[in-house]
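The values are calculated or read from the model by the stated rules, or taken from the named source; none is laboratory data. This one's a predicted model, so the numbers in the text were calculated from it and none came from an experiment. Neighbour counts are summed over all protein chains in view; Cβ atoms, including those assigned to glycine, are modelled from backbone coordinates with ideal geometry. Areas reflect the complete protein model, heavy atoms only, side chains present, ligands, DNA and RNA absent. Shrake-Rupley method; radii C 1.70, N 1.55, O 1.52, S 1.80 Å.
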Amino acid sequence: MADKLSSAPPNRALLYARLVRLDKPIGIYLLLWPALWALVLAARGMPDLAILTVFVLGVVLMRSAGCAINDFADREIDPHVARTRDRPLASGALAPREAVWIAAVLSALALALAVLVLNGLTIALALAAGVLAASYPFMKRLHSLPQVHLGVAFAWSVPMAFTATTGTWPGALAWLLFAAAIVWTVAYDTMYAMADREDDLKLDIKSTAILFGRADRLAVGLMQALVILMLGGTGVLGELGPAYYVSLGIGGALFVYQQWLLRGRAPERCLRAFLNNQYFGLVVFLGIASHYGLSLP
């Protein structure tokens, strides 16, 4: 009986869940926080429930689609990297065409949600978001700044949130928050790339971690300082109160902790620093929400 169980084919639903990283939701959190920042700022309080629901579901669907297309793009690379060789495509448990179909279905569902609820301007931005998400996995072969491409893709929810809420083209507040979200993404994804640097060098994969070299911690630190400055400017433009600036202070302390983790550049500590950014996003959200008297359920 034990031999039969061990030789049984893996559950396909579980393989699909692993393909889209439902077992590792960190990407959902990192994509969701800027969207929530923007939704609350645009609404100056609690966002419209339908819009909020579409954005939360859209984040989950598009992050999942992005993971599927990423594994399709990296199907020849992942088997040679210790951290990724057990992924369903890399191990051969799923076929490449299955990843493409999963990505297409999830993207179509996200677009359908947008069409049902959001206005035309936001739908147009959503289409652009799809192009950004689908093209990102291929950038690491073309140039040394794929993290910037990812930053734009992850921050794209910010202008979308403002257009969905106001029905008009975003103003200075939205674009400053958009820029802050881009720089934050580049900073934390550089930490992620630092963990994979040795494998990436062998495979001729490009990243900001390789580009910055021994100046990687300095570059990340400068970006973190810039994020705090831009979020401070966001607070000024949004006329946010003291609680928001307290949250930025806590966020700055989290950045200092991340720098401490990056000392020595041990891959497991770089990953811990990367993962810690979910708390930075939460802290900033709590600062914005507290200004409007909102709280987490």
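Starting from the Cα gyration tensor of the chain, take the square roots of the eigenvalues, sort them a ≥ b ≥ c, and report rounded, prolate or oblate (rounded when a/c is under 1.5, otherwise prolate if a/b is larger than b/c, else oblate). Could the numbers behind the result be given before it?
Details: a/c = 1.84, a/b = 1.28, b/c = 1.44.
Verdict is oblate for the chain.
So what is the calculated 222 nm ellipticity per residue for the chain, using -39500 (n - 2.57) for each DSSP H run with n of 4 or more, over all residues, to the nearest 500 deg cm²/dmol? Intermediate values should be presented prior to the final figure.
Values: 16 runs with 226 residues, N = 297.
After summing the helix terms and dividing by the residues of the chain, the value is -24500 deg cm²/dmol.
The chain: longest stretch without exposed GluC sites (Glu not before Pro) (DSSP loop, at most 16 other Cβ within 10 Å), sites themselves excluded? Before the final figure, lay out each step's value.
Details: sites that count: Glu76, Glu239.
Between the exposed loop sites, the longest stretch runs 77-238.
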(request) Any chance you could give the angle, 0 to 90 degrees and rounded to 10, that helix 216-237 forms with the longest Cα principal axis of the chain? (result) 40 degrees
(message) Could you give each residue of the stretch 130-146 its phi-based ³J(HN,Hα) in whole Hz, using Karplus coefficients 6.51, -1.76, 1.60 with θ = phi - 60°, and x for Gly or Pro?
(response) x, 5, 4, 5, 6, 8, 3, x, 8, 5, 5, 9, 9, 8, 8, 10, x
(request) Heavy atoms only, probe 1.4 angstrom, no DNA, RNA or ligands counted: give me Arg272, Arg44, Arg197 ranked by accessible area, highest first. (result) Arg44, Arg272, Arg197
(request) Have a look at the stretch 203-242 and give its Rg and Dmax from the Cα atoms, expressed in angstrom. (result) 15.3, 49
(request) Heavy atoms only, probe 1.4 Å: what % of the accessible area of the stretch 37-109 goes to carbon and sulfur, would you let me know? (result) 65 percent
(message) Over the Cα atoms of the stretch 1-141, what radius of gyration and what Dmax do you get, in Å?
(response) 17.4, 61
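Which order do peptides 162-175, 11-24 fall in by mean Cβ count within 10 Å, highest first? Please report the intermediate quantities before stating the final value.
Details: 162-175: 17.9, 11-24: 15.1.
Sorting 162-175, 11-24 by mean packing, highest first, produces 162-175, 11-24.
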(message) Placing one identical point scatterer on every Cα of the stretch 135-266 and ignoring solvent, what is log10 I(q)/I(0) from the Debye formula at q = 0.16 Å⁻¹?
(response) -0.86
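Accessible area of the stretch 199-239 with a 1.4 Å probe: how many percent of it is carbon plus sulfur?
Values: 1400 of 2110 Å².
Carbon and sulfur together cover 66 percent of it.
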(request) Could you tell me how many degrees, from 0 to 90 and to the nearest 10, lie between the Cα long axis of helix 277-291 and the main elongation axis, the longest principal axis, of the Cα atoms of the chain? (result) 20 degrees
